[in-house]
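Structure first, commentary second.
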Amino acid sequence: MREMIAGVDEVGRGPLAGPVVTAAVILDPSKPIIGLNDSKKLTEKARARLAIEIKEKALAWSFGRAEVEEIDDINILQATMLAMQRAVAALVIKPTRVLVDGNRTPDFGIPAEAIIKGDGKIAEISAASIIAKVCRDTEMSDMDNIYPGYDFYKHKGYGTKIHLSALEKLGVCHIHRKSFAPVKKQLNRL
């Protein structure tokens, strides 16, 4: 039996707002995808094009996520691990091994290995990195319509000067992570 490797990566551990999104991808060796890399090293246009190709050519792909309430409840690390487990569990093909970007891996019930900077080294992890980033970035841009004034379409929830200024001016909204220091600081002012 051929080994089925799932690559897993996350997007959104650092932001002050929005979910953490993970993806799991099992690539088809007979359908190579040119240009896979760490999603942060690709342009937005390249990520969008590759995300479509990954979804068309991969043997299986799926998303996992942890919402803001879960992040605040169990902390960002545990929420990320939970989202990764959800992504792997949602795959329509059960992998024989999981490769995770980073320095730790949750228990998937199958062999798994954490690979530091894996999103730039391992095609399956690169693919997961790309589709997770496109998914979360799109979602955060959509949040701009629901929560105008925060400019989520620009910073995707990260703690930029623009975001911190909006947070100070407009206060905390529903998708802010209340356990994160800048948000907590704003809440304590009330």
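None of the figures in this text is laboratory data; all of them are computed from the coordinates on show. Just so you know, these numbers come straight off a predicted model, no measurement behind them. Neighbour counts run over all protein chains shown; Cβ positions are idealised from the backbone, glycine included.
Numbers below:
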quantity	calculated
Potential lengthening between Glu44 and Tyr158 on full extension [0.36 nm per residue; Cα-Cα distance subtracted]	39.4 nm
Crossing angle, helix 161-170 versus the chain [Cα axis fit, 0-90 degrees, rounded to tens]	50
19 Å cut-off, amide nitrogen to a point 7 angstrom out along Glu168 Cα→Cβ, residues in the range 1-32	16-17
Measure of compaction for the range 5-139 (Cα Rg per 2.2 N^0.38 Å)	0.95
HN-Hα J in Hz across the range 135-143 - Karplus 6.51, -1.76, 1.60, θ = phi - 60°, x for Gly and Pro	4, 5, 4, 4, 4, 5, 5, 5, 5
Inter-part distance where the range 153-190 and the range 44-89 are each reduced to a Cα centre, Å	23
Residues whose placed amide H lies under 5 Å from that of Ala60, excluding near-sequence neighbours	Ile26
Sequence ranges 80-88, 126-134, ranked by mean other-Cβ count within 10 angstrom, highest first	126-134, 80-88
Per-pair calculated FRET efficiency, R0 = 22 Å: Gln78 and Ile110 via Cβ, rounded to 0.05	0.65
